[in-house]
Amino acid sequence: MAETKAREGGAPQPSFRDLLVREMPSLRAFALSLSGSTHKADDLVQDTLLKAWGNSDKFEPGTNIRAWLFTILRNTYFTLYRRQGREVQDVDGVYSEKLSVDGGQEGALDLADFRAALARLPEDQREVLILVGASGLSYEEAADICGVAIGTIKSRMNRARTRLAQLLGIAGASDLAGDRQTGAVLKQGGAIAPKNP
């Protein structure tokens, strides 16, 4: 299993182990966003990697391993934590404040405020923001992971962006201290409605 097979072009294909190692940071970020606890996130990632390793024969080389691993992680989370009632409701953002680290850079969005606002989003909206926005998965891949229609993912994403902007007090691109390029990207992507001049 640790061997690498050469592709037709001659470049070696990464082993299954290498693919797992490469996705660990993304898995940890997703696990942290779901569980809200570094300890639970580490346990989730470990359980996910063990399940993936044990089911490596079910993974089809050439397919999206990140989506496959995120599905395993998400299912593990709901099985182990949500059903057992271990999920901590963090309505006031007390636990997420403990996770925040002062970034030390200037900007309109302070990391602690962003994390607190993100923690206040409903779980389904927060999950879609992490899958699509932070992890770079497509709407289709997120829909497969969550087991819902693409339209549901798009709707959750739109509601999450709108609510996050409200929580952060962002009404338009001028509320951000970023450069003109950042504002243009946000306007083009529809994340922020432009203010009337």
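The residues of region 18-57 that are of a type in the set (D, E, K, R) and within 22 Å of the chain's Cα centre (by Cα), listed by number, are ASP18, ARG22, GLU23, ARG28, LYS40, ASP42, ASP43, ASP47, LYS51. Within region 57-71, the set of residues being modelled with pLDDT of 90 or more and open to solvent by less than 30 Å² (accessible area, probe 1.4 Å) comprises ILE65, ALA67, LEU69, PHE70. Has region 134-145 got at least one residue that is open to solvent by 40 Å² or more (accessible area, probe 1.4 Å), at pLDDT below 90 and not assigned by TED's automatic domain parsing to the domain that holds MET24? Within region 134-145, one or more residues are open to solvent by 40 Å² or more (accessible area, probe 1.4 Å), at pLDDT below 90 and not assigned by TED's automatic domain parsing to the domain that holds MET24.
The values are calculated or read from the model by the stated rules, or taken from the named source; none is laboratory data. In this text the structure is predicted, and so the values were computed from the model without any measurement. These area figures cover heavy atoms from the full protein model, side chains too; ligands, DNA and RNA do not enter into them. Shrake-Rupley method; radii C 1.70, N 1.55, O 1.52, S 1.80 Å.
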